[in-house]
1. Part of a helix (DSSP H, G or I), among the small types (Gly, Ala, Ser) and touching a Lys or Arg at 6+ places or on another chain (Cβ under 8 Å): is that true of A:SER152 in this structure?
2. Can you give me the number of residues within the range A:1-50 that are more than 14 Å from chain B (Cβ to nearest Cβ), touching a residue at least 60 places away in the same chain (Cβ under 8 Å) and charged (D, E, K, R)?
3. So which residues in the range B:6-27 are part of a strand (DSSP E or B) and out of contact with any Leu (no Cβ under 9 Å at 6 or more places or on another chain), if there are any at all?
4. Name the residues in the range A:91-134 that are outside any helix (DSSP H, G or I), within 12 Å of chain B (Cβ to nearest Cβ) and among the small types (Gly, Ala, Ser), would you?
5. Please state which one of B:VAL185, B:VAL163 is away from the ligand (no atom under 13 Å from the Cβ) and surrounded by 23 or more Cβ atoms within 10 Å (Cβ to Cβ).
6. Mind checking whether some residue in the range A:83-90 is over 30 Å from B:MET95 (Cβ atoms), within 20 Å of the chain's Cα centre (by Cα) and either away from chain B (no Cβ under 14 Å) or of a type in the set (Phe, Trp, Tyr) (or both)?
Amino acid sequence: MRKEVIYSLPSPYRDDLKVTGYRFGSGKKSACIVGAIRGNEIQQLYVCSQLIKKLTELEEKGAIVSEHEIMVVPSIGHHSTNIGKRFWSVDNTDINRMFPGYDEGETTQRIAGGVFEQIKDYSYGIQFASFYMPGDFIPHVRMMETGKQNTSLANLFGLPYVVLRKVRPIDTTTLNYNWQMWDCNAFSLYTSKTDKIDEISAKQAVAAVLRFLMRMGVIRYNSHSGYIATIIEESDLAVVRTGTSGIYRRLRFAGEEVCMGDPLAEITHPYEGNVIVTILSPCDGIIFFSHEKPLVTEHEIVFKIIKRLHE
Amino acid sequence: MVETVVAMKLPVDEKLRIKKQRVLPLAVTGNEKRISIVTGTHGDELEGQFVCYELLRRINENIECLKGIVDVYPALNPLGVDSISRGIPMFDLDMNRVFPGDEEGPMIESLAKEIIDDLSGSDYCFDIHASNIFLDEMPQIRINEISEKTLVPLAKLTNIDLVWVHASATVLESTLAYSLNSIGVPTLVVEMGVGMRITRKYGYQLVEGILNLMKHEGLWDGPVGEVKMPIISSDRAVGYMNSNTSGIYVPECQNGDIVKEGDVLGNVLDPLSGEIAEKIKSPIDGMVFTRREYPVVYGGSLLGRVLGGETS
Ligand SMILES: [Zn+2]
């Protein structure tokens, strides 16, 4: 393992922002794994740390196949992490909306550009990503339908689901999209949490990456073969909303199978304590996303369900 | 009359309400054109608040001169304006990146959809921004090159200093203005002043321009003050000054200054050593139209922009 600073940026009042890359093996740039781009991506940071630990052990055992280099970048956004912010500490911009970056541009464009320069030439790019809706997801691999996506490769992670997302204008500045534009096979891995650590899904994510690297011939490793993924179009998920606002209590969680009409959650009057709405499942299926916060607004998405699918 | 465009219940005993003021002519014929004035998408940009006030005051003062329908939306992001938050407070989301919205999407996207539905059918729209807390902008209208033909003739009527026609970028397709222009509502994006402040001079200047456009297009036959012709950026270079160090930026120029390439326009200072960390020089001959106000800078921080070419 070789540890090096792949990008640094001086700060006026804090330590320099240093983005660290851990390289394993040498030769062809095979796989790059990126962790926390946003400051609140604690689970993503944790998963990378566990992956680095594991890859270090594997390298010591000589299990990195020769002529393959793997790089892991555990964090880019820790200047935000350290002060409890999600986005860039000064201007609140999102580094994951700045790719491919620009070395003459604004600060976060420079960070994105400086890091991208170091990570763009790998054959496989894997990002532990997060979504802005607060709650739990079923662990899955997400791909954008740029026309360059390869779902059969996504299947090799052995996670239960591969989700395809239609590209929207806002997506064109993400790391995943730009990796694909650079002819890198890009995958976003979503584990169940973001700002909290979930050991089970972290282990699952580490295992998924190792399984993928093994199957691509990058490492020698024996692992359980995982799932044959169900492929879902994001737009096919059933969306369940709150009919009103109030105190929110969920009854069902991501990964659970539900039947049409099953109670999914309750909304309680914030002053009077009575249940004002019981949210029912609109279909049979498996819960893909489940909202987590104790309060909800009206019209908020609280569940996404994979329709007509059984465990 | 004040109308609620969208209302949505917040968790505890409150509704988010996006409101608009609709002003009608004294005698409505049913064939009126309609102009919409939209602002407060970014909660830290307040210049548009004064424009809303002053425009309504001027119209109400001469209501008999009004020949069209005027809709004024002071705050598309009322929670943000109210809490000094640029984005939508609960989500830390830039509201100008969720258009055209989606009824079936997350809450913010469904709000965005309702806003677009309400604005659609307008014959003209002004989307007024005030830069951000970092930069002071000379009053300007920014036009995506794909709408240049429709919008530049309108922008010339608006008493603005500068019309900046810029290249299109896919990511900008999620802005309000892009969405409105693409459904046939000619929308002019104004950037002027600086975040968290009101520059009354700019407010008066733009109100005159809005009234002038209304007069030219048959929505107003009341008084309009003197209106100047803007500089159009087409075929002119725009020079950017970004910091290459971190420190404290102290500008030595004003917006509107005519400068030569190499002129020092400000310095990045190091408060810990007492030294100048970087002298910031104009990259081209031209006119300063953007000036950094917020002193703390990193490498990359935008310090100013200069419009090249004949500007005097
Ligand atoms: Zn703005």
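The values are calculated or read from the model by the stated rules, or taken from the named source; none is laboratory data. Given the structure is predicted, the values throughout are model-derived calculations rather than measurements. Quick reminder, even Gly has a Cβ in these numbers, built from the backbone with ideal geometry, and neighbours come from all protein chains shown.
1. Numbers: part of a helix (DSSP H, G or I): yes; among the small types (Gly, Ala, Ser): yes; touching a Lys or Arg at 6+ places or on another chain (Cβ under 8 Å): no.
Spelling it out, it is not the case that A:SER152 is part of a helix (DSSP H, G or I), among the small types (Gly, Ala, Ser) and touching a Lys or Arg at 6+ places or on another chain (Cβ under 8 Å).
2. 2
3. Answer for the range B:6-27, where residues must be part of a strand (DSSP E or B) and out of contact with any Leu (no Cβ under 9 Å at 6 or more places or on another chain): B:GLU14, B:LYS15, B:ARG17, B:LYS19, B:LYS20, B:ARG22.
4. Result: A:GLY101, A:GLY105.
5. Details: B:VAL185 fails: surrounded by 23 or more Cβ atoms within 10 Å (Cβ to Cβ).
Answer to the selection: B:VAL163.
6. Within the range A:83-90, the first condition is being over 30 Å from B:MET95 (Cβ atoms), and the residues that meet it are none.
Within the range A:83-90, none of the residues are over 30 Å from B:MET95 (Cβ atoms), within 20 Å of the chain's Cα centre (by Cα) and either away from chain B (no Cβ under 14 Å) or of a type in the set (Phe, Trp, Tyr) (or both).
Conditions (1) touching a residue at least 40 places away in the same chain (Cβ under 8 Å); (2) polar (S, T, N, Q); (3) not assigned by TED's automatic domain parsing to the domain that holds B:ARG197, marked per residue:
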{"position": "B:GLU217", "(1), (2), (3)": "yes, no, no"}
{"position": "B:PRO223", "(1), (2), (3)": "yes, no, no"}
{"position": "B:VAL227", "(1), (2), (3)": "yes, no, no"}
{"position": "B:ASN244", "(1), (2), (3)": "yes, yes, yes"}
{"position": "B:ASP257", "(1), (2), (3)": "no, no, yes"}
{"position": "B:GLU261", "(1), (2), (3)": "no, no, yes"}
{"position": "B:GLY266", "(1), (2), (3)": "no, no, yes"}
{"position": "B:LEU269", "(1), (2), (3)": "no, no, yes"}
{"position": "B:GLY286", "(1), (2), (3)": "yes, no, yes"}
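So that you can scan it fast, the table gives a plain yes or no per residue for (1) without any contact (Cβ under 8 Å) to a residue 24 or more places away in the chain; (2) outside the structural domain of B:THR199 (by TED's automatic domain parsing); (3) crowded, with 20+ Cβ neighbours inside 10 Å:
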| site | (1), (2), (3) |
| --- | --- |
| B:ASN60 | no, no, no |
| B:GLU64 | no, no, no |
| B:VAL72 | no, no, yes |
| B:LEU76 | no, no, yes |
| B:ASP82 | no, no, no |
| B:ASP94 | no, no, yes |
| B:PRO106 | yes, no, yes |
| B:ALA130 | no, no, yes |
| B:GLN140 | no, no, yes |
